[in-house]
């Protein structure tokens, strides 16, 4: 089995790669690649992303990878992380950027001046370990507790236009979708590669996943 | 409030070893960085911060090897600071496996570095470290110091934090120079003044001697995260004990 981690210059690729290697018990071949053909031929695809969405979209296009991402997300087990997940939606408020449009909906910024129920101010970026509440059953949740904490760092969040696209929520202070997906696609706002045991468990489940739900 | 307050052990690294001093002087050896990082990770640390305190630029690359080794084994966020002068220094640290890079003296001498770095790599990975010292006996005004606390800049610490946020910093690492290594607790007035002045998260640092100090940093200092070194390095407390103490005080933590 070949797993392609897409390298378009916009991710903490070292960490993503190492986290996959840490749970690669089955001995899959894991490659970091900027080559669209390698992505298209891979059995599974991991699509990381960090930084600003306009830059990510520009770099993705500059590397000629947008079509390979769309094609992969249409047919094989596909894991998006952070901006790699946001790019799957139609549009982002960040720099008024069009996304890949695989999923209907957009990416919105957290409002300024947020407070929690106790009146405590909530900072943006939403940075740190927050709870992830599973809203649909999914094979990738095997061995992951409902309400488990994962590591987030982001100022923009998914606002999918179809309720069925959201697989899990977090709270800041309102509920927001933090995992989106359908069929063979699973995409997290949080960083699995930085979420210690729970993050590694999700990645381990992905390596074993056949892409059906 | 579901987001956990973070506990961040800090590892001062020189010549490939973790060391710890008092008031930025008198260094003691505290062990191998990879061993220490792994232990803190196992105890439930939320992040780790590495400060490269190497004086000579000849040895700068050593920190890259340390970060590479740690990042291959420890899957929590890693921040690295110390001697970051150019965009290329940041790129090399991120490529080695750092998730965030902390900029201190160079932010003062060249604020545009912060802006450039945030534009290039995203605000999420740019931390501005502020070393502040009270300049009034009433402890109600603080100035930014650089070069490990030797140089007074004349910059007001609260204003400086606001400016760095405007330049694209994603987080502030705030160290009280008066308190660092003293174990008498954070400078809570300073921490609260800075944390309340900005929208980005603030990490409190400098002065932790017991677990109540961590609680105070969050509850009175309004810190989003608390950083400590010696209480963890020398085995006085584990990270888990620190979290249990914070939880007992009503603070949300990740256990």
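Quick notes on this one:
- Meets criteria (under 11 Å from the mean Cα position of the chain (by Cα), more than 10 Å from every other protein chain (Cβ to nearest Cβ) and modelled with pLDDT of 95 or more) for residue A:164: no
- Residues of region A:79-115 classified as part of a loop (DSSP other than H, G, I, E, B), facing chain B (nearest Cβ under 10 Å) and either without any contact (Cβ under 8 Å) to a residue 12 or more places away in the chain or loosely packed, with under 15 Cβ neighbours inside 10 Å (or both), total: 2
- When we screen B:127, B:158, B:194, B:108 for residues that are within 24 Å of residue B:62 (Cα to Cα) and outside any loop (DSSP other than H, G, I, E, B), the only hit is B:127.
- If you filter region B:197-227 down to residues that are in a helix (DSSP H, G or I) and touching a strand residue (DSSP E or B) at 6+ places or on another chain (Cβ under 7 Å), you find that the one that is nearest to residue B:176 (Cα to Cα) is B:217.
- Considering only residues in region A:131-156 that are in a loop (DSSP other than H, G, I, E, B) and closer than 30 Å to residue B:199 by Cβ, the one that is farthest from the other protein chains (Cβ to nearest Cβ) turns out to be A:135.
- Scanning region B:138-155 for residues that are more than 19 Å from residue B:203 (Cβ to Cβ) and assigned to a loop (DSSP other than H, G, I, E, B) yields B:138, B:139, B:140, B:141, B:147, B:150.
- Residue within region A:28-35 that is within 18 Å of the chain's Cα centre (by Cα), free of Cβ contacts under 8 Å to residues at least 60 places away in the same chain and not in a strand (DSSP E or B) present: no
- Criterion applied to B:247, B:220, B:165, B:212 was being away from every other protein chain (no Cβ under 14 Å) and at pLDDT 95 or above, and the one residue passing it is B:212.
- Test result for residue B:117, under 13 Å from residue B:49 (Cα atoms) and touching a helix residue (DSSP H, G or I) at 6+ places or on another chain (Cβ under 6 Å): no
- Criterion violated by residue A:190 - all others in (1) in a loop (DSSP other than H, G, I, E, B); (2) modelled with pLDDT of 95 or more; (3) over 11 Å from residue A:132 (Cβ atoms) satisfied: (3)
- A Cβ distance below 6 Å, combined with a sequence gap of six or more or placement on separate chains, defines the contacts here; from region A:4-18, residues that are at the interface with another protein chain (Cβ under 9 Å from one of its Cβ atoms) and touching a residue at least 40 places away in the same chain (Cβ under 8 Å) reach residues that are surrounded by fewer than 21 Cβ atoms within 10 Å (Cβ to Cβ) and not in a loop (DSSP other than H, G, I, E, B) in the pairs A:10/A:59; A:18/B:72.
The values are calculated or read from the model by the stated rules, or taken from the named source; none is laboratory data. Model, not experiment: these values are computed from the prediction. Counting neighbours? That spans all protein chains shown, and the Cβs are built from the backbone with ideal geometry, glycine included.
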